[in-house]
Amino acid sequence: MKILSLNVWGGMLHAPLLAYLAAVDADVYCLQEVPRAVAARSDWLTYRDGAVELQQHSNLYKEIATALPGHDGFFAPAMRGELIDGDRPCWQEFGLATFIRQDVAVIGQALDFIHQSFSPHGFGAHPRSRNAHAFRLYDYAADRPLTVVQFHGLRTVDGKDDTPSRDAQAEALIALVNRLHRPGDGLVLCGDFNLLPDSRTFDALSRLGLTDLVTTRGFIDTRTSLYTKPGRYADYMLVNDAVPVAAFTVVETPEVSDHRALLLTTD
């Protein structure tokens, strides 16, 4: 089974992103920062947050679903806020999207918030609401179940250091995993953690028997050339001992976001 994790950056690199997702042909896509604005008139919306101004592709979730016709899609918004659509405001949902190949069975799901709750009337102040989505799958080719969990970790204006909120996020994430994962099954946890490798979160996650593949395999950068700030770690993929890792890489090219894709292949 091939599992990909990627923060898609709101579709900023729209055409290369869609082409890459179709070409990589993963069985499971775990995507963060996915927008959906069903009432949008324009393909692009403008997001403003103080001095920050970004372009978001208005219905990226739908476009990814179209690019992956052999997969079932699951969209899990963490928040809804107003962007600018030409000369008017437009509501846009923002969150996680998971796409699972249709010959892989979904035999369980757990979806919940790991920081605050759904924010329906605006994105709110940082750190904003965060959710996590877990799937228990049955891999017919390997004849075994596998739990895959993704999330997008808290972003704070003062960096990626440990905080009480991040400690609480880790405990909420562990509780969510334990609601779905079965002893003896493989477990994969991935996403944009917004953390550095020495975070206490990884000590907490080790209680689930998880080991990070990024740092233990010598990768030192999960950001592309489009990210110019210091601190090159953000994205991680952790597995337990029941996951037979055939290959793992942090994808250098093509660059389809300010984050690099993480790609795991199991035996």
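Some observations on this one:
- Classification of the stretch 33-173 by its C-alpha gyration tensor yields an oblate form. The axis ratio a/c (a ≥ b ≥ c) is 1.5 or more, and b/c is at least a/b.
- Share of carbon and sulfur in the accessible heavy-atom surface of the chain [1.4 Å probe, %]: 52
- The mean sequence distance of close C-alpha pairs (under 8 Å, at least 6 residues apart), as a share of the length of the stretch 86-154, puts its relative contact order at 31 percent.
- Using a Förster distance of 35 Å, the FRET efficiency for residue 175-residue 2 (Cβ separation, nearest 0.05): 0.80
- The stretch 64-140: C-alpha gyration tensor shape, a/c 1.5 cut-off, then a/b vs b/c: oblate
- Shape call, the stretch 126-267: gyration tensor on alpha carbons, a/c limit 1.5: oblate
- 1.4 Å probe accessible area per residue over the chain, in Å²: 42
- Figure note: 118, 75 ranked by solvent-accessible area, largest first, 1.4 Å probe, ligands and nucleic acids not counted: 118, 75.
- Sequence of 44, 9 from largest to smallest accessible area, 1.4 Å probe: 44, 9
- Exposed trypsin sites (Lys or Arg not before Pro) absent: longest stretch of the chain, with sites in DSSP loops and at most 16 other Cβ within 10 Å deemed exposed: 42-154
- Ligands, DNA and RNA excluded, the heavy atoms of residue 66 present near 100 Å² of accessible surface to a 1.4 Å solvent probe.
- Residues 114, 220 ordered from highest to lowest accessible area at a 1.4 Å probe: 220, 114.
- Heavy atoms of residue 107 accessible to a 1.4 Å probe, total area in Å² rounded to 10: 90
- When nucleic acids and ligands are ignored and a 1.4 Å probe is applied, residue 61 ends up with an accessible area of around 30 Å².
The values are calculated or read from the model by the stated rules, or taken from the named source; none is laboratory data. Just so it is clear, the structure is predicted and the values come from calculations on it, not from any experiment. For neighbour counting, all protein chains shown are included, and Cβ atoms are generated from backbone atoms with ideal geometry for every residue, glycine included. Ligands, DNA and RNA are stripped out before the accessible areas are found, and what is left, the full protein with its side chains, is counted by its heavy atoms. Shrake-Rupley method; radii C 1.70, N 1.55, O 1.52, S 1.80 Å.
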